[in-house]
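First the structure, in the form of structure tokens, and then the observations on it.
The values are calculated or read from the model by the stated rules, or taken from the named source; none is laboratory data. Because the structure is a prediction, the values reported are computed rather than measured. Cβ placement follows ideal geometry from the backbone for every residue including glycine, while neighbour counts extend to all protein chains displayed. Note: accessible area is taken over every heavy atom of the protein model, side chains too, but ligands, DNA and RNA are not part of it. Shrake-Rupley method; radii C 1.70, N 1.55, O 1.52, S 1.80 Å.
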Amino acid sequence: MPAKTNDRLQNEVIYSVFVRNHTQEGTFRALIGDLPRIHDLGCDIVWLLPIHPLGVKNRKGSLGSPYANLDYRGINPEYGTMEDFRALVDAIHAEGMRCMIDVVYHHTSPDSVLWQTHPEWFFRKPNGTPGNHVGDWSDVIDLDFDQPELWDYLIESLVGWAHIVDGFRCDVASLEPVAFWERARAAVAEVNPDCVWLAETVHRSFGAEMRRRGLTYMTDTEGYRAFDIEYSYDIWETFERWLAGTTPLSHLLDLLDFQDSVYPAGFNKLRYLENHDQPRIASHVTDDAALRALTALIYFLKGTTLIYAGQEVGCDHVPTLFDRDPVDWTVRHDLAPLMRQLSALKHERLGADDLLRYVADDEHDIALVYRQPAPGTHAVEAGADQPDTTHDISGQPSSYLGVFPLRGSGAEVAVDLPDGAYRDFLTDTDVPVANGRLTCGSAPLILAY
């Protein structure tokens, strides 16, 4: 892991916003009014999907994808001016949150500033024309990272933005050399040593295809040399199969345990149920109780939690990337109160270096996750960075058992706890354990022990 990775990221929440579709106006200034609500959800970082101008050539839809970048150093005029953007960042900071922007360094639009000024920095097809390695990305052309001057330009651009913002979400970061990201991080640290680096790593099947084609592919393990946080796409396809009912829960939980065993100490996987590239979780899971259990699970797991705007109201439609398609803020599932509770748990009670153990009840699709402090963790003094609420009445760090009925129906389950009564963090009531078993209803439980 990078030496400067901050452990607090393990206990934070990122809120993802597509400016075009977040409000009816679709502007930086309009977003400012929603920041108090976002902060009240318990969010720490606002991640803005790309804010740069968009290309016109080969544009998809009427407005184009924010990932078909025209100019890495400009602002999308549809959203406002640079002054408007700075006002938004200032407002995010005033709310006590940080601002992360999306950077797309794998490709540009076919009519980008870079193509017009440095065509030698682009991948060429056998016929000499610019192109890309992924066929359905027809609105972009790929950059050629064998060009050292390209590295200089991109890193200079990042350093410029690092004077304004607090972090970068790096699009398809796995398709660029890890040495580039290491150099970029070092340069940015000169002006912003606390900058947060989030990598969109790729599905395992996509990575395997890149290897078969002899293309650059940074593994997740390699990525942790430069990044603080990585996507959980390494297990996403298994999660999708579990949602579809074609693979058991135990398989998914085994992969969570596998992550603990293969990645560097302090690794941080982004925990999410949806993002702007994936279907809304509420389109898969319509049962309110199941949705709440899944939401509780992603907050309880080790790693930074991601919420995509609209998830808190159970939105079941992903806004298109190519047209005006404002988020439907109709409340289908009111998850905001639960998210506030879970954020408080994450911020105040869960340790960044906790040890996790996973048990699956495959018959009922109930996940049991045990979190306990790492050996040698001690109570902290008042006023230290970690709140005293992470400790029980004896002053020792608390352990927790999360019980998550992921299909929204309860059952009696075996637990590795002595018989007795255990306080549930979510309801502030006692839950009895007798003969090594407890009965859970449809709601998740988070028990201190």
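Quick notes
- Under Karplus coefficients 6.51, -1.76 and 1.60, residue-wise ³J(HN,Hα) of the stretch 118-131 in Hz, glycine/proline x: 9, x, 6, 8, 10, 5, 10, 6, x, 7, x, 8, x, x
- Cα gyration tensor shape for the stretch 209-262, rounded if a/c is under 1.5, else prolate or oblate: oblate
- Translational diffusion coefficient of the stretch 222-351 (Stokes-Einstein, Kirkwood radius from Cα pairs, 25 °C, 0.890 mPa s): 155 µm²/s.
- Rg to Rh quotient for the chain, alpha carbon positions, Kirkwood Rh: 0.97
- Paired Rg and Dmax values of the stretch 282-383, which use every Cα atom, in angstrom: 16.9, 53
- The peptide list 208-215, 192-199, put in order of mean Cβ contacts within 10 Å with the highest first, becomes 192-199, 208-215.
- Within-10-Å neighbourhood charge of residue 155 [Cβ basis; K, R +1; D, E -1]: 0
- Taking amide H atoms as placed 1.01 Å from N in the peptide plane, the amide H of residue 449 lies under 5 Å from those of 399, 400, 401, each 5 or more residues away in sequence or on another chain.
- Overall form of the stretch 5-58 per C-alpha gyration tensor (a/c, 1.5; a/b vs b/c): oblate
- Antiparallel DSSP beta bridges within the chain, percent to nearest 5: 60
- Acute angle (nearest 10 degrees) that the helix 249-262 long axis makes with the longest principal axis of the chain, alpha-carbon atoms: 70
- For the stretch 309-351, the mean projected area of the C-alpha convex hull, equal to one quarter of the hull surface, is 3.9 nm².
- Residue (of 106, 179, 226) at the positive-pole extreme of the chain, dipole from beta-carbon charges: 106
- Derived scalar couplings ³J(HN,Hα) [the stretch 225-238; Karplus, 6.51 cos²θ - 1.76 cosθ + 1.60; whole Hz; x for Gly, Pro]: 5, 10, 10, 7, 9, 10, 4, 9, 5, 5, 10, 5, 5, 5
- Remark: spin-label model distance residue 241-residue 439 equals 3.6 nm, labels positioned 7 Å along the Cα→Cβ axis.
- The stretch 216-278 and the stretch 156-212 have their alpha-carbon centroids 18 Å apart.
- This model, with +1 at the C-beta of Lys and Arg and -1 at the C-beta of Asp and Glu, gives the stretch 48-165 a dipole about its Cα centre of some 280 debye.
- What the Cβ-Cβ distance of residue 336 and residue 120 gives, at R0 = 51 Å and to the nearest 0.05, is a FRET efficiency of 0.50.
- Placed amide H near residue 172: partners under 5 Å, 5+ positions off or other chain: 200
- Computed over protein heavy atoms with a 1.4 Å probe, the accessible surface of the chain works out to 39 Å² per residue.
- The heavy atoms of residue 5 present about 30 square angstrom of accessible area, all protein chains included, probe 1.4 Å.
- Only lysines eight or more places from residue 269 in sequence, or on another chain, were considered; those with a Cα closer than 18 Å are 4, 302, 346.
- Annotation: lysines with alpha-carbon distance below 22 angstrom to residue 60 (same-chain offsets under eight excluded): 125.
- For the Cα trace of the stretch 89-185, dividing Rg by the Kirkwood Rh returns an Rg/Rh value of 1.03.
- Kirkwood hydrodynamic radius (C-alpha pairs) into Stokes-Einstein, the stretch 93-136, 20 °C and 1.002 mPa s, D in µm²/s: 164
- Amide H within-cut-off set for residue 411, under 5 Å, with H built and near neighbours excluded: 440
- In range of the label at residue 127: residues from the stretch 41-69 whose backbone nitrogen is under 20 Å from the point 7 Å along Cα→Cβ: 57-59
- Of all accessible heavy-atom area on the chain, the percent that carbon and sulfur account for (1.4 Å): 51
- Principal-axis tilt of helix 288-300 within the chain, Cα atoms, nearest 10 degrees: 80
- Cα long-axis angle, helix 178-189 against the chain (0 to 90 degrees, to the nearest 10): 90
- When peptides 343-352, 297-306, 30-39 are sorted by average Cβ neighbour count within 10 Å, with the highest value leading, the order is 297-306, 343-352, 30-39.
- Virtual spin-label span in nm between residue 146 and residue 94, 7 Å along Cα→Cβ: 5.1
- Within the stretch 154-182, backbone nitrogen closer than 19 Å to the virtual label 7 Å beyond the Cα of residue 208 toward Cβ: 174-175
- Segments 433-442, 96-105 sorted - mean Cβ within 10 Å per residue, highest first: 96-105, 433-442
- Size descriptors for the stretch 1-127: radius of gyration and Dmax over Cα atoms are 16.8, 54 Å.
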